[in-house]
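Colleague: I'd like to ask you about the structure that follows.
The values are calculated or read from the model by the stated rules, or taken from the named source; none is laboratory data. Fair warning: this is a prediction, and the values are worked out from it, not measured in the lab. Cβ coordinates were reconstructed from backbone atoms using ideal geometry, including for glycine residues, and neighbour counts include every protein chain displayed. We work out accessible area using only protein heavy atoms, side chains counted, and drop any ligands, DNA or RNA first. Shrake-Rupley method; radii C 1.70, N 1.55, O 1.52, S 1.80 Å.
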Amino acid sequence: MDVAVVGAGPTGLALGIDLARRGVDALVVEAGEKLFPGSRGKGIQPRTQEVFDDLGVLGAMRAAGGPYPPQRFWKNGEPLETKPMFDAVAADEGTPYTEPLMVAQWRTQEVLYARLRELGGRVEFGRAVTGLDQDARGVTVRFADGTTTRARYAVAADGGRSTVRRAVGVGMTGEPVDPSPFLVADLRVRGLDRDHWHTFIGDDGHGVALCPLAGTDDFQLGARLPEGTEVDLSLEGLRRLVTTYSHLDAADITGLRWASDFRPRAALADRFRVGRVFLAGDAAHVYSPAGGQGLNTSVQDAYNLGWKLAAVLTDRAPEALLDTYEEERRPNAAAVLGLSTRVHHGEVRRGAATVQLGIGYRQSSLAEETRANPGPVRAGDRAPDGRNADGVRMFDAFRGPHWTLLTPEPVDGVRGLPAPRSYGPGVFLVRPDGYVGWAGETTAGLRTYAARTGAFSVGAGATR
């Protein structure tokens with residue numbers, strides 16, 4: 001086996017999809033007997049929508065969810081102001097998706113799982129990992145039932161309490177974001193419309209919010225409680241909580257799907273790689289849920305790692321390419337960590353800062369900008385959408401596991417197409433994860449870059 005992925009949450013499933021479409025022999029193992037049943041994360045940011053477009057699941061995600069409703073504030077049983085949850089971000093040709101999409105996490109996982117199986121990928125449930133060992137040739141993963149599995153690489157996508165992270169001795173550095181206890185639950189509620197995110201805040205700043213979960217009959221309950229509160233996650237406990245802060249009666253809470261309590265914290269793994277083991281998702285970083293950054297950053301970890309593992313496993317790139325995973329993702333995760341904390345404290349509005357379209361890798365060793373006077377799109381930037389002079393849409397050209405060469409001049413043996421005028425002058429080599437890897441005034445030096453990244457080594461079919 002090539003890769004063992006520990007954890008079948010959004011991170012592990014997205015990585016499994018990316019590896020499966022590249023022909024990598026990967027196995028996703030999950031401690032639970034089924035997919036996670038709740039909606040801890042529900043916001044799919046525009047950049048992640050672009051990722052899902054490439055992975056072939058955006059249509060299914062849209063069908064499973066819907067837009068965010070505006071927020072309605074209540075006081076003493078009377079509705080007060082209503083305002084949008086997010087500052088508007090203008091769409092243009094280069095950024096077709098600008099609004100977050102709401103999809104309950106359990107629905108997101110169902111969509112990803114279905115796509116993984118469609119591609120021939122595998123998930124084994126009821127496989128709790130207890131530890132692992134690694135050597136120069138691979139990783140041996142140990143399970144609670146006494147069995148083991150062997151893979152060339154392993155990826156920890158097993159959450160904030162990651163067994164794999166502990167097994168490789170990686171610590172997490174961080175701090176609490178808020179001393180108050182929080183809880184989240186999926187409830188059935190009557191007596192509220194489904195056109196608003198209903199918010200009930202007491203004079204002390206604590207309270208509850210009930211958000212209709214798009215694509216379901218549920219509401220997501222979110223609550224911030226006074227310090228020292230004993231949290232009761234039973235249906236009766238949640239009824240008492242809702243009636244304490246809102247005008248609803250206990251009988252209006254008609255069912256409970258799932259509930260969890262937590263203390264918001266911000267923490268970052270000290271390393272994202274130890275030998276043949278990689279950390280991704282919550283195993284590598286934990287955020288406040290404010291701003292909807294955690295699930296999205298996690299999926300993008302997987303998207304960054306998948307093509308690199310495939311390139312090395314198929315001998316198209318040197319093993320050193322895998323070092324760029326931590327180089328690129330850890331600084332981005334740290335930046336998002338600070339952002340989500342500022343959103344939690346009300347210092348930053350949800351909107352342009354949280355859609356993740358500005359995340360890039362200009363400082364990465366994989367970003368090679370050779371032009372003396374770069375235009376608006378540079379090496380390390382997200383490659384925008386748009387149409388070139390031939391009418392070809394960029395996101396259509398990028399879709400798939402290949403590199404894409406945008407050039408006004410041909411390169412022997414490699415197909416290319418012109419870039420949209422909005423990119424500015426130059427030649428651009430777009431990575432499989434939708435970022436510009438190399439940019440130049442001509443193609444001089446392009447093949448040297450391609451050799452260390454695996455871009456052209458399998459011939460013309462690898463790049464469009």
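Colleague: Rank-order 376-383, 93-100 by packing density, defined as the average count of other C-beta atoms within 10 Å over each peptide's residues, highest first. Working shown, then result.
Modeller: Values: 376-383: 20.6, 93-100: 18.6.
Descending mean neighbour count gives 376-383, 93-100.
Colleague: Under 20 Å from the Cα of LYS42, which lysines turn up, not counting those fewer than eight places away in the same chain?
Modeller: Within the straight-line cut-off, LYS42 pairs with LYS34, LYS83.
Colleague: When the expected Rg is taken as 2.2 N^0.38 Å, what fraction or multiple of it is the alpha-carbon Rg of region 256-335? Could you put the intermediate results ahead of the total?
Modeller: Working: Rg = 14.7 Å, N = 80, 2.2 N^0.38 = 11.6 Å.
After normalising by residue count via 2.2 N^0.38 Å, the value is 1.27.
Colleague: Sort 414-425, 285-296 by packing, meaning the average of other beta carbons within 10 Å per residue, with the highest value first. Intermediate values should be presented prior to the final figure.
Modeller: On the way: 414-425: 17.7, 285-296: 25.5.
Descending mean neighbour count gives 285-296, 414-425.
Colleague: When the accessible area of region 222-295 is split by element with a 1.4 Å probe, what percent falls to carbon and sulfur? List each step's numbers first, then the result.
Modeller: On the way: 1400 of 3030 Å².
C and S fraction of accessible area: 46 percent.
Colleague: Would you mind telling me the share, in percent, of accessible area of region 69-180 contributed by carbon and sulfur at probe 1.4 angstrom? Mind showing how you got there, number by number?
Modeller: Working: 2680 of 5780 Å².
Here it works out to 46 percent.
Colleague: Rounded to the nearest 0.05, what FRET efficiency is calculated for ALA353 and HIS247 with R0 set to 45 Å and r the Cβ-Cβ distance? Could the numbers behind the result be given before it?
Modeller: On the way: r = 34 Å, r/R0 = 0.75.
E between ALA353 and HIS247, to the nearest 0.05, is 0.85.
Colleague: With N set to the residue count of region 331-394, report its C-alpha Rg divided by 2.2 N^0.38 Å to two decimal places.
Modeller: On the way: Rg = 15.6 Å, N = 64, 2.2 N^0.38 = 10.7 Å.
The reported ratio for this selection is 1.46.
Colleague: Within region 1-35, what residues put their amide N at less than 13 Å from the label point 7 Å along the Cα-to-Cβ vector of THR314?
Modeller: The answer is 18-25, whose backbone nitrogens lie closer than 13 Å to the label point.
Colleague: Near LYS75, which aspartates and glutamates are there with a Cα under 12 Å away, not counting those fewer than 8 places off in the same chain?
Modeller: Hits, sequence-local ones excluded: ASP203.
Colleague: So, one more: Specify, per residue and in Å³, the volume enclosed by the convex hull of the alpha carbon atoms belonging to region 272-422.
Modeller: Values: hull volume 21.4 nm³, N = 151.
That works out to 142 Å³ per residue.
Colleague: Provide the per residue accessible area, probe 1.4 Å, for the chain, rounded to a whole number of square angstrom. Please list the in-between numbers first.
Modeller: Values: 18520 Å² over 464 residues.
Accessible area per residue, the chain: 40 Å².
Colleague: Considering the convex hull of the alpha carbon atoms of region 125-273, report its projected area averaged over all viewing directions, in nm², one decimal. Could you put the intermediate results ahead of the total?
Modeller: Details: hull surface 48.1 nm².
About 12.0 nm², averaged over all directions.
Colleague: What number, in percent, do you get for the relative contact order of the chain if the mean sequence gap of Cα pairs under 8 Å and at least 6 apart is divided by its residue count? Walk me through the intermediate numbers first.
Modeller: Details: 1025 pairs, mean separation 77.9, N = 464.
Result for the chain is 17 percent.
Colleague: May I ask for the angle, rounded to the nearest 10°, between helix 10-21 and the longest principal axis of the chain, with both axes built from Cα atoms and the value confined to 0 to 90°?
Modeller: Orientation of helix 10-21: about 30 degrees from the principal axis.
Colleague: To the nearest Å, what is the center-to-center distance of region 26-44 and region 354-428, using C-alpha atoms only?
Modeller: If you average the Cα positions of each part, the centres end up 34 Å apart.
Colleague: Let me ask something else. Which one, VAL164, PHE200, LEU183, is farthest towards the positive end of the dipole of region 158-201 when Lys and Arg carry +1 and Asp and Glu -1 on their Cβ?
Modeller: VAL164
Colleague: Write down the percent of antiparallel bridges among all DSSP beta bridges whose residues are both part of region 310-464, to the nearest 5.
Modeller: Working: 10 of 14 bridges.
The antiparallel fraction comes to roughly 70 percent.
Colleague: Right, something else. Report, in degrees rounded to the nearest 10, the 0 to 90 angle that the Cα long axis of helix 105-118 makes with the longest principal axis of the chain.
Modeller: The two axes meet at around 30 degrees.
Colleague: Cα axis of helix 294-313 to longest principal axis of the chain: angle in degrees, 0 to 90, nearest 10?
Modeller: 30 degrees
Colleague: 222 nm [θ] for the chain, helices only, -39500 (n - 2.57) per DSSP H run of 4+, per residue, to 500?
Modeller: Details: 10 runs with 114 residues, N = 464.
Calculated at 222 nm, the ellipticity per residue is -7500 deg cm²/dmol.
Colleague: Let me ask you something else. Where both residues lie in the chain, what percent of DSSP beta bridges are antiparallel, nearest 5?
Modeller: Details: 61 of 84 bridges.
Restricted to the chain, the bridges split so that about 75 percent are antiparallel.
Colleague: Let me ask something else. Using only Cα atoms, what is the ratio of the radius of gyration of the chain to 2.2 N^0.38 Å? Display every interim value, and only then the final one.
Modeller: Numbers: Rg = 22.9 Å, N = 464, 2.2 N^0.38 = 22.7 Å.
My calculation over the Cα atoms of the chain gives 1.01.
Colleague: So, one more: Ranked highest first by average number of other Cβ atoms within 10 Å, how do 69-81, 147-159 line up? Could the numbers behind the result be given before it?
Modeller: Working: 69-81: 13.5, 147-159: 22.2.
Highest to lowest by the protection proxy: 147-159, 69-81.
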